[in-house]
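Here's the structure we're looking at; comments come further down.
The values are calculated or read from the model by the stated rules, or taken from the named source; none is laboratory data. This is a predicted model, so every value here is computed, not measured. No Cβ is skipped: glycine too gets one built from the backbone with ideal geometry, and neighbour counts run over all protein chains shown.
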Amino acid sequence: MTTRNNNGANRRKGIYLLPNLFTTAALFAGFYSIIAAIDGNMHNAAVAIFVAMVLDGLDGRVARLTRTESDFGKEYDSLSDMVCFGLAPALVTYQWGIAELKEHGWLWSKLGWLAAFVFAVSAALRLARFNSRADSSDKRFFEGLPSPSAAGLVAAVVWLVSDWQATGTIALVIAFLFTAGAGGLMVSSFRYYSFKDINLGRKVPFAYVLAIPLIFVFISFEPPVVLFLMFFGYALTGPLLCLYRRNRPPQADKAASEREG
């Protein structure tokens, strides 16, 4: 009897391996991004953030498909997100700014440092708000720009500007505006479509299947440019949706509320 109870206790104390492997892999990618940035390899640092983003998107889906969701997995995923999409992009931007712009004086360096900190603390606040409202919020929309999307935007900017070898004041302004702007959007109240209501299990037209490899082919032509346009466009949807909802007639607002209700 004692052995049976001990075995039951061990099962309760254990964790699910498969989804947490994806989370650990994402965490490793975020950690590698930081190391690559410290070593001055901004290309690899930016790419590692996108790798972390893919892995982060898989762990939750794997957990749901295999019915291995757990409170431990949610907490672990949140901590991993802070490293991958909060600290890593901020440190990548910081290292990139220092490497390229330190000769322009202490003021420029401090502005880059400030933007990096704003991004990191905004990611922490965004994750805390998401976790505290996970059960009560509308699943179709995020409140504020998701931290992976903000990280993708910043990583794409660093990758793009590094490939173009832009330096000086122009590079500083670009880095400052996008890093601080992405941080501000994370803690904003703008609504962003979450894509969570898309049912991947239902049948779709064959053309949809063909569209997936075409998207990857399109990205492969010029990855930093295409990824920047994708994430920048998504970041703009929040403010644009807010302006649209604010300026449309009251009758349209009432009809939309009835459909959502």
(message) The conditions are (1) modelled with pLDDT under 85; (2) crowded, with 21+ Cβ neighbours inside 10 Å, and residue 37 fails exactly one of them. Which is it?
(response) (1)
(request) Any chance you could count how many residues in the range 40-65 are of a type in the set (A, V, I, L, M), crowded, with 21+ Cβ neighbours inside 10 Å and modelled with pLDDT under 90? (result) 2
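On the given criteria, is residue 157 outside any loop (DSSP other than H, G, I, E, B), touching a helix residue (DSSP H, G or I) at 6+ places or on another chain (Cβ under 8 Å) and either at pLDDT 80 or above or over 23 Å from residue 30 (Cα atoms) (or both)?
Numbers: outside any loop (DSSP other than H, G, I, E, B): yes; touching a helix residue (DSSP H, G or I) at 6+ places or on another chain (Cβ under 8 Å): yes; either at pLDDT 80 or above or over 23 Å from residue 30 (Cα atoms) (or both): yes.
Spelling it out, residue 157 is indeed outside any loop (DSSP other than H, G, I, E, B), touching a helix residue (DSSP H, G or I) at 6+ places or on another chain (Cβ under 8 Å) and either at pLDDT 80 or above or over 23 Å from residue 30 (Cα atoms) (or both).
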(request) Could you grab me the full set of residues in the range 126-153 that are within 12 Å of residue 81 (Cα to Cα), of a type in the set (A, V, I, L, M) and in contact with a Gly (Cβ under 9 Å, 6 or more places away or on another chain)? (result) 127, 150, 151
(message) Going by what's in this entry, would residue 173 be described as touching a residue at least 60 places away in the same chain (Cβ under 8 Å), β-branched (Val, Ile, Thr) and surrounded by fewer than 20 Cβ atoms within 10 Å (Cβ to Cβ)?
(response) no
(message) Go through (1) under 25 Å from residue 181 (Cα atoms); (2) surrounded by fewer than 16 Cβ atoms within 10 Å (Cβ to Cβ); (3) without any contact (Cβ under 8 Å) to a residue 40 or more places away in the chain for residue 121 and report which single condition fails.
(response) (3)
(request) Would you be able to say whether some residue in the range 137-146 is part of a helix (DSSP H, G or I) and not charged (D, E, K, R)? (result) no
(message) Can you find a residue that is at pLDDT below 95 and part of a helix (DSSP H, G or I) anywhere in the range 190-204?
(response) no
(message) Can you confirm whether residue 178 is loosely packed, with under 12 Cβ neighbours inside 10 Å and modelled with pLDDT of 70 or more?
(response) no
(request) Just name the residue that is modelled with the highest pLDDT out of those in the range 205-261 that are among the β-branched types (Val, Ile, Thr) and touching a Leu at 6+ places or on another chain (Cβ under 7 Å). (result) 225
(message) Pull out all pairs, ordered by first then second residue, where Cβ-Cβ is under 9 Å, the residues are six or more apart or on different chains, the first lies in the range 38-58 and is among the basic types (Lys, Arg), and the second is surrounded by 20 or more Cβ atoms within 10 Å (Cβ to Cβ).
(response) none
(message) Suppose we keep only residues that are among the β-branched types (Val, Ile, Thr) and either assigned to a helix (DSSP H, G or I) or touching a Ser or Thr at 6+ places or on another chain (Cβ under 9 Å) (or both) within the range 66-102. Which one would you say is surrounded by the fewest Cβ atoms within 10 Å (Cβ to Cβ)?
(response) 98
